[in-house]
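The values are calculated or read from the model by the stated rules, or taken from the named source; none is laboratory data. Here the structure is a predicted model, which means the values were calculated and not measured. Positions of Cβ are generated from backbone atoms using ideal geometry, with glycine treated the same way; all protein chains shown enter the neighbour counts. The area values use the complete protein model at the heavy-atom level, side chains included, leaving out ligands, DNA and RNA. Shrake-Rupley method; radii C 1.70, N 1.55, O 1.52, S 1.80 Å.
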Amino acid sequence: MLRIDPAASTAPAQRPLAARQTLLLCLGLCVLLLCLALSLALGSRSVPLSTVFDALSGAGRHADPDVQVVTGLRVPRTVLGLVVGAALGAAGAIAQGATRNPLASPTTLGVNAGASFAVVTAIYVLRLTRPVEYVWFAVAGAALAACAAHAMARRSGDLDPTRLALGGTVLATVLTSWTSALMLASRRTLDEARFWLVGSLDGRGLEVLTPVLPLLLLGLVLAIAVTPALNALALGDEAAQALGVPVARIRATAGLAVVLLAAGAVAVAGPIAFVGLAAPHLCRQLLGNDHRVLLPGCLIGGPILLLAADVLGRLVIRPAELEVGIVTAFLGAPLLAVLARRTTR
Amino acid sequence: MNLLAPKATEHANQLAAHGLRLRYGDRLIVDGLDLALPGGAVTALVGPNACGKSTLLRGLARLLDPAAGTVTLDGADLNRMPARALARRLGLLPQQPVTPEAITVEALVRLGRYPHQRLLSPWSAADQAAVEAALDRTGTAELRDQPVDQLSGGQRQRAWIALTLAQDTELLLLDEPTTFLDLRHQLDVLDLVARLHRELGRTVVMVLHDLGQAARYADHLVVLHAGQLAAAGPPAEVLDAALVERVFEVPCRVIPDPETGTPLVIPRARVHS
């Protein structure tokens with residue numbers, strides 16, 4: 001006979017859990033709407049929310065400088081924040097699931113650094129000047145870095161999650177130093193690349209989105225397609241394989257999704273750290289481990305983090321601004337320290 | 001609804017290896033093995049450490065591609081079967097599976113339905129029924145909302161067996177299911193396996209360390225030695241002092257188990273100088 005410890009039994013909570021997840025996702029959407037509104041209203045020139053609504057609905061006078069700020073500057077900036085944040089959040093969730101490593105993200109896997117290096121090289125060699133032209137170099141650099149990190153992490157055919165994160169970090173360090181060397185060698189490259197490299201949503205029109213949107217959408221579709229398999233992959237490669245998961249194929253697809261999402265985000269806004277790491281962690285705390293819920297959660301949580309950081313950057317040293325990449329790095333570093341402590345415990 | 005009812009014997013469920021060679025990198029672990037495991041029976045794989053029994057089990061579950069030779073299931077080459085189709089016929093419990101952080105028992109067991117689901121297909125009543133039956137069978141229904149990483153070793157092993165059970169396969173491969181468990185929990189797991197065989201008609205292949213337990217619970221014993229087949233057959237016919245001495249290098253007597261009459265290996269007292 002099998003015996004069960006009577007103290008161990010609890011009331012079934014399956015249905016309430018699903019209801020709780022739906023509620024949290026709706027709540028997240030509300031918070032995201034609030035962040036969008038704040039991003040449209042706040043900055044070196046703060047605009048009342050009523051004027052924001054007027055500007056959006058077209059009711060505002062076009063000569064009004066407040067309306068011009070909202071439609072000309074804040075709307076593109078906010079839309080970019082929404083798209084980039086969602087892409088980074090989703091990339092982080094898929095990267096962590098596919099590698100079974102809670103510290104994996106586009107930054108720690110070297111994907112961001114690869115994209116940055118490729119773009120800066122292109123600026124140096126080909127004299128590019130506009131972010132629209134960066135896209136394909138960012139994708140190529142991200143893909144090469146992902147392949148290199150993956151190659152370093154293989155051990156007797158299996159992927160070792162720890163080696164992947166270590167290899168990615170080493171790769172990121174090397175690529176970052178090469179990027180710095182290039183910028184120090186060429187004044188023109190430095191001037192052209194430095195604001196992009198910090199990571200910023202400012203000073204870009206919506207047209208930078210056009211070339212990356214197909215990539216981001218493809219990345220998102222691939223990400224959605226692998227979510228059920230990622231749940232099984234969490235049991236280890238062997239158990240997943242025994243459940244009929246084509247492990248190598250799923251991991252390649254997930255890697256492609258991460259590369260497309262991260263490269264698209266980097267091409268638009270420059271390498272922004274920590275959103276891809278933090279969003280999945282926060283969502284996992286609230287929503288649990290199921291990637292089918294976690295991915296939508298990160299699509300909401302990523303933009304919340306990025307927009308909040310961007311708004312914060314506009315407010316802390318008003319009337320000047322702090323680039324969003326600096327804010328996320330500032331807020332993200334302590335978060336990473338906390339996460340690292342918790343995972344090793 | 002009893003979804004895990006005994007199955008009509010549409011399949012013989014016979015796993016066989018033909019000239020099977022398995023290697024890790026340059027290391028040849030299993031060298032030219034010919035073996036047929038009876039369908040509808042409980043088979044125990046035994047042998048000394050590093051004899052290749054876990055490797056053989058991985059090869060039989062297609063977790064390791066053969067360097068040479070083939071593995072067949074009812075005559076069909078395993079390597080030519082689609083992954084999902086194989087996962088609907090053959091389930092495997094690895095020796096040390098990864099428990100995802102904070103996953104509940106029910107969420108873990110639900111993952112066993114993976115090979116039965118399609119992308120975007122909703123969770124069906126049949127899926128839930130299979131999960132409920134697996135929880136009931138393994139006595140883990142009361143633990144369903146507990147995080148797996150907070151269970152005792154015995155409870156955790158039963159939760160993992162429930163996962164392979166929810167997979168609803170006629171063949172179950174278990175890699176050292178009793179290792180790291182105390183005696184009572186070892187017997188709990190083995191009794192559970194015996195019931196799965198007796199009541200549900202499952203074909204079971206498991207790697208075991210304890211020869212007495214293997215003889216008690218298995219219909220068929222496969223003894224491996226240095227990647228080669230040392231003996232195979234019913235425990236009462238196969239397990240004798242000469243075999244144990246040859247394979248394990250331990251002088252011993254083999255007596256009938258006073259409880260069950262199956263062979264029991266008693267190592268000879270060593271002279272301490």
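I need the semi-axes of the equivalent ellipsoid of chain B: take the C-alpha gyration tensor, multiply each eigenvalue by 5, square-root it, list largest first in whole angstrom.
Value: 31, 23, 17 Å, ordered largest first.
At 10 °C and a viscosity of 1.306 mPa s, what translational diffusion coefficient does Stokes-Einstein give for the stretch A:58-193, taking Rh as the Kirkwood radius over Cα pairs? Give it in µm²/s as a whole number.
Values: Rh = 16.9 Å.
Approximately 94 µm²/s, per Stokes-Einstein.
Once amide H atoms are placed 1.01 Å from N in the peptide plane, what residues at a sequence separation of 5 or more from A:Leu201, or on another chain, have their amide H within under 5 Å of its amide H?
Amide H neighbours of A:Leu201, under 5 Å, 5+ apart: A:Val324.
From the phi angles alone, apply the Karplus equation (6.51, -1.76, 1.60; θ = phi - 60°) to the stretch B:181-195 and give each ³J(HN,Hα) in whole Hz, x where the residue is Gly or Pro.
Taking θ as phi minus 60°, the curve returns 10, 6, 4, 4, 6, 4, 5, 4, 5, 5, 5, 4, 4, 4, 5 Hz for the stretch B:181-195.
Can you tell me the Rg and Dmax of the stretch A:204-345, counting just the alpha carbons, in angstroms?
My reading of the Cα-based Rg and Dmax gives 17.1, 59 Å.
What do you get when you divide the Cα radius of gyration of the stretch B:67-202 by 2.2 N^0.38 Å, with N the number of residues?
Working: Rg = 15.3 Å, N = 136, 2.2 N^0.38 = 14.2 Å.
For the stretch B:67-202, the normalised Cα radius of gyration is 1.08.
Taking only Cα atoms of the stretch A:101-158, what ratio of Rg to Rh do you get with Rh as the Kirkwood inverse-distance radius?
The Rg/Rh ratio comes out at 1.10.
For the stretch B:114-273, just list the percent of Cα-Cα distances falling in each 10 Å bin from zero outward, please.
9, 32, 30, 18, 9, 2, 0
If the viscosity is 0.692 mPa s and the temperature 37 °C, what translational diffusion coefficient in µm²/s does Stokes-Einstein give for the stretch B:36-113 when Rh comes from Kirkwood over Cα pairs?
The Stokes-Einstein estimate is 222 µm²/s.
Please list B:Met206, B:Met81 in order of solvent-accessible area, largest first, computed with a 1.4 Å probe with all protein chains present.
Order by accessible area, largest first: B:Met81, B:Met206.
If you bin every alpha carbon distance in the stretch A:44-118 into 10 Å steps from zero, what whole percent lands in each bin?
The distribution over the stretch A:44-118 is 17, 31, 18, 20, 13, 1, given as percents.
In sequence order, what are the phi-derived ³J(HN,Hα) couplings for the stretch B:156-169 according to the Karplus relation 6.51 cos²θ - 1.76 cosθ + 1.60 with θ = phi - 60°, rounded to whole Hz, with x for glycine and proline?
5, 4, 5, 5, 5, 5, 4, 4, 5, 6, 5, 5, 6, 9
Take the alpha carbon atoms of the stretch A:29-50, find their center, do the same for the stretch A:187-226, and report the distance between the two centers in whole angstrom.
22 Å
Average projected area of the Cα convex hull of chain A, in nm²?
For chain A, averaging the hull's shadow over all directions gives 21.2 nm².
B:His209's amide H: which non-local residues (gap 5+, or another chain) put their own amide H closer than 5 Å, with H modeled 1.01 Å from N in plane and none for Pro or chain starts?
The answer is none.
Hey, what do the phi angles of the stretch A:234-241 turn into as Karplus ³J(HN,Hα) couplings, whole Hz, using 6.51/-1.76/1.60 and θ = phi - 60°, x for Gly and Pro?
Values per residue, Gly and Pro as x: 5, 7, x, 4, 5, 4, 5, 4 Hz.
Rounded to two decimals, what is Rg over Rh for the stretch B:1-153 when you use alpha-carbon atoms and the Kirkwood radius?
1.00
Given the rule -39500 (n - 2.57) for each run of at least 4 DSSP H residues, summed and divided by the residues of chain B, what is its mean residue ellipticity at 222 nm, to the nearest 500 deg cm²/dmol?
-9000 deg cm²/dmol
For chain B, give the share of DSSP beta bridges that are antiparallel, in percent and rounded to the nearest 5; count only bridges with both residues there.
Of all bridge pairs located within chain B, approximately 60 percent are antiparallel.
For the stretch B:71-112, how big is the tail of P(r) above 15 Å, as a whole percent of Cα pairs?
I get 56 percent for the Cα pairs in the stretch B:71-112 exceeding 15 Å.
If you take every DSSP beta bridge fully contained in the protein assembly as shown, what fraction is antiparallel? Give it as a percent rounded to 5.
Approximately 60 percent, going by the DSSP bridge assignments.
Which of A:Leu312, A:Leu23, A:Leu335 moves most in a GNM of chain A, Cα contacts under 10 Å?
Residue with maximal mean-square fluctuation among A:Leu312, A:Leu23, A:Leu335: A:Leu23.
Taking only the Cα atoms of the protein assembly as shown, how large is their convex hull per residue, in Å³?
It is 197 Å³ per residue.
Where both partners of a DSSP beta bridge lie in the stretch B:116-273, what percent of those bridges are antiparallel, to the nearest 5?
Roughly 65 percent of the beta bridges in the stretch B:116-273 run antiparallel, per DSSP.
Mind checking A:226-239 for the average number of partner chain beta-carbons within 10 Å of each residue's beta-carbon?
6
What is the distance in Å between the Cα centroid of the stretch B:186-256 and that of the stretch B:105-181?
Answer, in whole Å: 26.
Translational D (Stokes-Einstein, µm²/s) of the stretch B:149-239 at 20 °C and 1.002 mPa s when Rh comes from the Kirkwood sum over C-alpha pairs?
153 µm²/s
Estimate for me the total accessible surface buried between chains A and B (protein heavy atoms, probe 1.4 Å, no ligands or nucleic acids), in Å² to the nearest 100.
Using a 1.4 Å probe on protein heavy atoms, the buried area is about 2800 Å².
For the stretch A:162-233, just the Cα set please: Rg and Dmax, both in angstrom.
Both quantities, over Cα of the stretch A:162-233: 17.6, 50 Å.
Accessible area of the protein assembly as shown with a 1.4 Å probe: how many percent of it is carbon plus sulfur?
Working: 16620 of 27060 Å².
Carbon and sulfur together cover 61 percent of it.
How many percent of all Cα-Cα pairs in the stretch B:167-206 sit more than 16 Å apart?
Percentage above 16 Å: 34.
Please build a GNM for chain B, connecting alpha carbons under 10 Å apart, and tell me which residue among B:Leu239, B:Leu63, B:Leu86 fluctuates the most.
Comparing B:Leu239, B:Leu63, B:Leu86 in the GNM, the peak value goes to B:Leu63.
Given the rule -39500 (n - 2.57) for each run of at least 4 DSSP H residues, summed and divided by the residues of chain A, what is its mean residue ellipticity at 222 nm, to the nearest 500 deg cm²/dmol?
The helix-only estimate for chain A comes to -24500 deg cm²/dmol at 222 nm.
Principal axes first, then extents: for the Cα atoms of the stretch A:66-107, list largest minus smallest coordinate on each axis, whole Å, largest first.
Largest first, the stretch A:66-107 extends 47, 12, 9 Å along its Cα principal axes.
Please report, in whole Å³, the volume per residue of the convex hull around the C-alpha atoms of the stretch A:135-264.
Normalising the Cα hull of the stretch A:135-264 by residue number yields 119 Å³.
Show me the three semi-axes of the equivalent ellipsoid for the stretch B:74-147, from the C-alpha gyration tensor (sqrt of 5 times each eigenvalue), largest first, rounded to whole Å.
Values: eigenvalues 121, 50, 32 Å².
Working through the eigenvalues yields semi-axes of 25, 16, 13 Å.
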